[in-house]
Structure formats: C-alpha cells, structure tokens
Amino acid sequence: MEEEIVKKLESLSEREILGYAIGSEEDAKEFYLKLAQGNSELMKKFFEDLAKAEEAHKALLLNLHKKVFGDVNYVVPKDIPFAESTVNEVTLGAMVEAMRTALMNEKVAERVYRLLAKRLPEHEALFEFLAAQERAHYKAIEAHKEYLEGLVEGNPEYVKSPVHVIFNQIEIYYKPRTL
C-alpha cells in the first residue's frame, strides 16, 4: 500500500501533495488520540505526545501552504487514502496491529516529505526536518511494537488482554510513589 500511495502522489501537483500531507497529519493526530484512550498512563502519554507532534507538523504545513499558495484552503486528493486501522478494543493484539499501521503511516509521511523537498527545493530544510521527525516517530513506535510483540509471543492469552491491565501492573510496581 505504501508504494501505491507514493506512486499516486508523485503524479500530483505540489499543492495537492501538500494538501495530502496536511490531511495526513490531521488523520495521524486523530489516530494517536484514539490509541491513547483507554490506555495506561505511560502509553497514553506516548500517544498523546505523538498526536501533539502531528498537530505541530500540520501547523507548519498550513503556514507553508499560505506562504506558497496564498491561503490555508488545502484540498486532500480523494483517491489516495490514508492508511487505516480500526481499534475498537485496546487489547495487546489490536495494539500490535495498530502500531503496524502507524509504522506504515510514518514511513509514508517521511517519503511524502522527501518528495516535497524535491518538488519545492526552496523549502527543503522544512521538509527534511519533517522527514527526520517522522523517521524518529517510526523508530519509537517500532520499539514499542517490538516490546508488545515480545509480551504476546508465547503468551497467547495476552493477545486479548486489555493493554491498560498489563501496563497498569508495571506502573503499580515501578512508577514513583508520592507521599
């Protein structure tokens, strides 16, 4: 799916690609906020931080859109979807799948910014910065996904366990105590 998305984007105008990037940041923010719901304190904070970063990226892109095209009325191409994942119940198994989707989202975002850096070279520094941010998100999500996969491996009963139950147990024992 990643290759298909990037290939479609390559044939679009800079305005359309930028519109896709802005819409993608909004979509990613909503996705991370959904993952934060019903999660443990630490995982909730992790996803909320990712959502805040995506919101900041969107703001940068909207400012650039205004500078380059004179307005903030971006259009998201309709025939190019964002990677989708539905997480109705936050179990370890569902969280691993959601993180796989998040990894693809981050990888596509990095590639979109590299494409925009080539198409709008006068703004290359911004796009390279955003690409580096997406790569960092990818690595952080990948580490969490690998940790969760390790919990599930050899423990099939954990697949349907709510994430907050596992992480709340960790937090009970290890988080700082207040008096």
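Values as computed for the structure displayed
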quantity: Which numbered condition Lys29 fails, given (1) farther than 22 Å from Glu149 by Cβ; (2) modelled with pLDDT under 90; (3) in contact with an Asp or Glu (Cβ under 9 Å, 6 or more places away or on another chain); calculated: (2)
quantity: Selected residue (only one of Ala140, Ala136 is in a helix (DSSP H, G or I), open to solvent by less than 70 Å² (accessible area, probe 1.4 Å) and within 23 Å of Leu9 (Cα to Cα)); calculated: Ala136
quantity: Lone qualifier among Glu89, Glu84, Glu48 - being modelled with pLDDT of 95 or more and either over 19 Å from the mean Cα position of the chain (by Cα) or surrounded by fewer than 18 Cβ atoms within 10 Å (Cβ to Cβ) (or both); calculated: Glu48
quantity: Residues being under 30 Å from Val163 (Cα atoms) and either free of Cβ contacts under 8 Å to residues at least 12 places away in the same chain or open to solvent by less than 30 Å² (accessible area, probe 1.4 Å) (or both) - total across the range 103-126; calculated: 5
quantity: Any pair with Cβ under 7 angstrom, 6 or more apart, that starts in the range 127-147 at a residue that is in contact (Cβ under 8 Å) with a residue 40 or more places away in the chain and ends at one that is open to solvent by 70 Å² or more (accessible area, probe 1.4 Å) and of a type outside the set (Val, Ile, Thr); calculated: Lys145/Arg100
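The values are calculated or read from the model by the stated rules, or taken from the named source; none is laboratory data. Everything quoted here is computed from the prediction, not taken from an experiment. All Cβ positions, glycine included, derive from the backbone under ideal geometry; neighbour counts span all protein chains shown. Ligands, DNA and RNA are stripped out before the accessible areas are found, and what is left, the full protein with its side chains, is counted by its heavy atoms. Shrake-Rupley method; radii C 1.70, N 1.55, O 1.52, S 1.80 Å.
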